[in-house]
Amino acid sequence: MDPLFNAYCKSFPLNSEPLTSQGIAARQWNLLADDLAYPLAVLNRPALSHNLAWMQAYAQRKRVHLAPHGKTTMSPELFRLQLEAGAWGLTFATIFQLGIGVQAGVRKAIIANQVLAAVDLAGLRSLLQVHGDLQVWFLVDSLAQLQLIEQWAVSQPAFKPFDVLLEIGVAGKRTGCRTQQEALALAQAMHQSTAVRLCGVECYEGNAAQCDNDFDVAAVSDLVRRVLDIAHACDAQQLFAMDTILLTAGGSAVFDLVLPLLTGSGLSKPVEGVLRSGCYITHDHGHYQRYLNLVQQREGLQDSLRPALEVWTLVQSVPEPGLAFLTCGRRDISYDIELPMPQRLARAGVHRMDQVVATPPDWRITALNDQHAYLQFDPAGLVPVVGDRVVLGLSHPCTTFDKWRWMVVAEDDGLVTGAIHTCF
């Protein structure tokens, strides 16, 4: 069902009746016509299309599956675009997120997280019973978690075991077994269990990287070797329950460095390698762009991912030389990794994209309040005035998506051609 967008959606015009995405396109709103309120989260359709095609082609070229992490956008419309582009499945972090994905048509899913609460186990079982073609794998990293699953399963009639993956972690970082001995003991217990079926091995390499090429190559390669060693040990003991072995990794920062893991060289069964990058669909202007620069160097890439998400703001006040305030704050844009970055200036009254200019390098966002962004600039240079539009780039798109119930989709010329909704 095409959702209705209305005045409960931040920045939707209060004088407009509720509209579907198609209805919004029919209005022919334009970013440069001030048809929508500020701040406004904007997805650039050409950049989205480019990123979807580029990442799918990359995965196919490397002969791995792509299961993008749905928590990045939590948007059913974007889930469907990823599946239509050729994604093998999607990745989620919770049963709630999985349920949204299943409604959007997902039929292969990895929950890259531990599942152990009774209500979540019951919810997963219900989804699997209702959707007979649904396949789900979730992570197990401790005997304590396995025992909780087994205790719950005992009371379930006609219980069918869950498909799970053994998670390998990094010391001091996120979840996952820390040692090979611990991992093998857990794998042996899962092999004996009637509540789960061990289907493969998983890791998250993002915890190992620091955006330093030499360090990242060494650290991620070490993690890959550890995970492969554990996979080979499990294989030698015939602990995997299925005819294929699923090996999966994937953040959005150093996705190229985990490819040797996903091939699973030397295992006795066919391997399904699954890459779980999620932020590629919109990319960003800061954090992931810096990592991508290193990926491009290592891979010899030219035209790769493009930023597809921005937040348009209005200059609402210039109370003193060198300081302006924008209609955008912590409720509107990512700030968990770094502050937003001014990208372009559209003067008040400008209605053509070829008249929009790049912001000077000295323009910086130095602070955010709930509803305000502090823009510092050189008063001897280009000076913003009240009524100007300033387009902000960002780092870490995940934490911009969760601040919006909707986002408009626009063309390069500013024409609004639709909208997506989010389900956080």
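Tabulated data
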read-out	value
Selection count, the stretch 165-185, where residues are outside any loop (DSSP other than H, G, I, E, B), free of Cβ contacts under 8 Å to residues at least 24 places away in the same chain and not polar (S, T, N, Q)	1
Test: residue in the stretch 121-135 that is farther than 30 Å from I420 by Cα and basic (K, R)	no
Pair list, Cβ under 8 Å, 6 or more apart: the stretch 281-295 residue not assigned by TED's automatic domain parsing to the domain that holds H396, other residue among the acidic types (D, E)	G286/E338; H287/E338; L294/D216; V295/D256
Qualifying positions in the stretch 296-318 - in contact with a Phe, Trp or Tyr (Cβ under 7 Å, 6 or more places away or on another chain) and either at pLDDT below 95 or over 16 Å from A37 (Cα atoms) (or both)	S304, L305, S317
Residue match in the stretch 375-389 (condition: surrounded by fewer than 18 Cβ atoms within 10 Å (Cβ to Cβ) and either charged (D, E, K, R) or closer than 30 Å to G70 by Cβ (or both))	yes
Tabulated pairs, the stretch 368-379, first among the polar types (S, T, N, Q), second modelled with pLDDT under 95, C-beta under 6 angstrom, 6+ apart or interchain	none
Members of the stretch 35-60 found to be surrounded by fewer than 19 Cβ atoms within 10 Å (Cβ to Cβ) and either more than 30 Å from K108 (Cα to Cα) or at pLDDT below 95 (or both), listed by number	D35, A37, Y38
Residues within the stretch 333-366 that are in a strand (DSSP E or B) and surrounded by 14 or more Cβ atoms within 10 Å (Cβ to Cβ), tallied	8
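The values are calculated or read from the model by the stated rules, or taken from the named source; none is laboratory data. Computed from a prediction, not measured in an experiment: that's the story for all the values here. No Cβ is skipped: glycine too gets one built from the backbone with ideal geometry, and neighbour counts run over all protein chains shown.
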